[in-house]
Amino acid sequence: MANLGIPTNTLQVLEKYNFSFQKKFGQNFLIDTHILEGIINGAGITEDDCVLEIGPGIGTMTQYLCESARFVVAVEIDKNLIPILNDTLSEYDNKIIINEDVLKVDINELCNKYNEGRPIKVVANLPYYITTPIIMGLFESHVPLDSITVMVQKEVAERMQVGPGTKDYGALSLAVQYYSEPHVIMTVSAGCFIPRPNVDSAVIKLTAHQKNPVSVRNEAFMFSLIRAAFNQRRKTLSNALVNGGINTTRDEICKALADMGLSETIRGEALTLEQFAKLSDLLSHA
Ligand code: SAM
């Protein structure tokens with residue numbers, strides 16, 4: 001099959017199958033060989049790797065992955081794409097195409113089955129409507145991960161990298177930085193896709209930490225604090241936590257903040273990851 005990174009080849013496949021793009025699935029297919037090569041190089045794919053690709057589309061990036069990796073597991077929700085993928089990827093026997101919603105698949109089971117539970121690399125041009133649940137799901141379900149290299153909306157890539165005191169800092173920044181080291185590989189213009197998305201994009205690599213950068217007794221509790229803090233980010237941290245259904249009293253929160261040398265009126269957006277971990281240890285009853 002011809003290289004689908006070349007726009008005329010993609011157009012031919014779309015025409016052959018009379019394919020209609022489904023907006024609800026965030027379908028914007030890559031048509032730029034330089035970007036595709038940049039993703040494969042940035043992800044550092046080698047012939048030892050088992051790669052999970054989320055949303056292969058018509059198989060454009062999958063072709064590149066099958067050329068570089070040992071094995072590729074591609075999970076695609078749109079059943080209309082499955083016959084196309086079987087055609088465009090027919091020459092590769094180092095892949096499996098799974099017609100499922102990635103948010104419902106047991107990825108740990110896939111890792112066990114296709115990579116004997118060893119760390120996988122995730123590579124994807126993500127459907128933007130579910131970027132955060134996909135990334136959080138991979139981290140929180142403790143899938144054995146080497147890295148996640150993904151195309152996301154440019155502003156989401158920025159959110160993943162920033163620290164306290166900036167408007168983009170939030171639960172996603174803290175979760176990404178707790179589990180990984182983020183690094184933007186490149187920005188990508190809308191013209192590199194068909195159809196063109198309404199936003200600019202960026203490829204970001206999240207390299208999983210061997211060891212979490214802060215230690216915390218109850219990770220799940222820390223993330224419930226973080227979510228409550230940013231659900232009402234204009235409120236003081238103590239108000240946001242009291243209103244956010246955290247099982248602690250205002251007095252306990254104020255005492256913990258005082259123990260940490262922080263003001264009662266501080267907002268969650270001012271706290272570092274280390275401070276959220278400390279606060280979690282002081283408030284957790286577990
Ligand atoms: N990888 C292809 C490319 O780069 O040309 C397509 C990328 S497109 C931005 C996103 C793909 O994810 C689409 O093929 C879409 O059908 C698929 N998708 C959307 N939601 C999904 C889900 N919940 N689970 C699996 N795939 C999904």
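The values are calculated or read from the model by the stated rules, or taken from the named source; none is laboratory data. As the structure is a prediction and not an experimental result, all values here were calculated from the model. Ideal geometry is used to build each Cβ from the backbone, glycine not excepted, and the neighbour counts take in all protein chains shown. When the accessible area is computed, the model is the full protein with side chains, heavy atoms only, and any ligands, DNA or RNA have been set aside. Shrake-Rupley method; radii C 1.70, N 1.55, O 1.52, S 1.80 Å.
Would you point out which residue out of PHE21, PHE25, PHE29, PHE71 is assigned by TED's automatic domain parsing to the domain that holds GLY117, open to solvent by less than 20 Å² (accessible area, probe 1.4 Å) and touching a residue at least 12 places away in the same chain (Cβ under 8 Å)?
On inspection, the qualifying residue turns out to be PHE29.
Counting only residues that are within 16 Å of the ligand (Cβ to nearest atom) and not in a helix (DSSP H, G or I), which one in segment 122-142 is surrounded by the fewest Cβ atoms within 10 Å (Cβ to Cβ)?
The qualifying residue surrounded by the fewest Cβ atoms within 10 Å (Cβ to Cβ) is SER141.
Take the residues in segment 176-206 that are more than 20 Å from VAL123 (Cβ to Cβ), assigned to a helix (DSSP H, G or I) and in contact with a helix residue (DSSP H, G or I) (Cβ under 9 Å, 6 or more places away or on another chain); name whichever of them is most open to solvent (accessible area, probe 1.4 Å).
Ranking the qualifying residues of segment 176-206, first place goes to GLN177.
Which count do you get for residues in segment 41-57 that are open to solvent by 10 Å² or more (accessible area, probe 1.4 Å), more than 12 Å from the ligand (Cβ to nearest atom) and over 20 Å from GLU116 (Cα atoms)?
3
Which ones in segment 58-82 are out of contact with any Ser or Thr (no Cβ under 9 Å at 6 or more places or on another chain) and either within 17 Å of SER201 (Cα to Cα) or near the ligand (Cβ under 7 Å from one of its atoms) (or both)?
Residues satisfying the conditions are MET61, VAL75, GLU76, ILE77, ASP78, LEU81.
Just the residues that are of a type outside the set (D, E, K, R) and within 16 Å of the ligand (Cβ to nearest atom), please, taken from segment 191-222.
GLY191, CYS192, PHE193, ILE194, PRO195, PRO197, ASN198, VAL199, SER201, ALA202, VAL203, ILE204
Table: residues versus (1) within 14 Å of PHE223 (Cα to Cα); (2) touching a helix residue (DSSP H, G or I) at 6+ places or on another chain (Cβ under 7 Å); (3) at pLDDT below 95; (4) part of a loop (DSSP other than H, G, I, E, B).
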| residue | (1), (2), (3), (4) |
| --- | --- |
| ILE246 | yes, yes, yes, yes |
| LYS255 | no, no, no, no |
| ALA258 | no, no, no, no |
| LEU262 | no, no, no, yes |
| ILE266 | no, yes, no, yes |
| GLU274 | yes, no, no, no |
| ASP281 | yes, no, no, no |
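Give the residue that is surrounded by the fewest Cβ atoms within 10 Å (Cβ to Cβ), with candidates limited to residues of segment 95-121 that are over 18 Å from PHE139 (Cα atoms) and more than 16 Å from the ligand (Cβ to nearest atom).
Top of the filtered list is GLU116.
Take LEU65 and tell me if it is assigned by TED's automatic domain parsing to the domain that holds ILE107, modelled with pLDDT of 95 or more and out of contact with any helix residue (DSSP H, G or I) (no Cβ under 8 Å at 6 or more places or on another chain).
Spelling it out, it is not the case that LEU65 is assigned by TED's automatic domain parsing to the domain that holds ILE107, modelled with pLDDT of 95 or more and out of contact with any helix residue (DSSP H, G or I) (no Cβ under 8 Å at 6 or more places or on another chain).
Would you call ALA229 open to solvent by less than 40 Å² (accessible area, probe 1.4 Å), outside the structural domain of GLY165 (by TED's automatic domain parsing) and touching a Leu at 6+ places or on another chain (Cβ under 6 Å)?
For ALA229, the condition - open to solvent by less than 40 Å² (accessible area, probe 1.4 Å), outside the structural domain of GLY165 (by TED's automatic domain parsing) and touching a Leu at 6+ places or on another chain (Cβ under 6 Å) - is met.
Are there any pairs, at least 6 apart or on different chains, whose C-beta atoms fall under 7 Å, with the first in segment 222-249 and in contact (Cβ under 8 Å) with a residue 40 or more places away in the chain and closer than 19 Å to ASP168 by Cβ and the second among the aromatic types (Phe, Trp, Tyr) and in a helix (DSSP H, G or I), and if so, which?
Short answer, once both residue conditions are applied: ILE226/PHE276.
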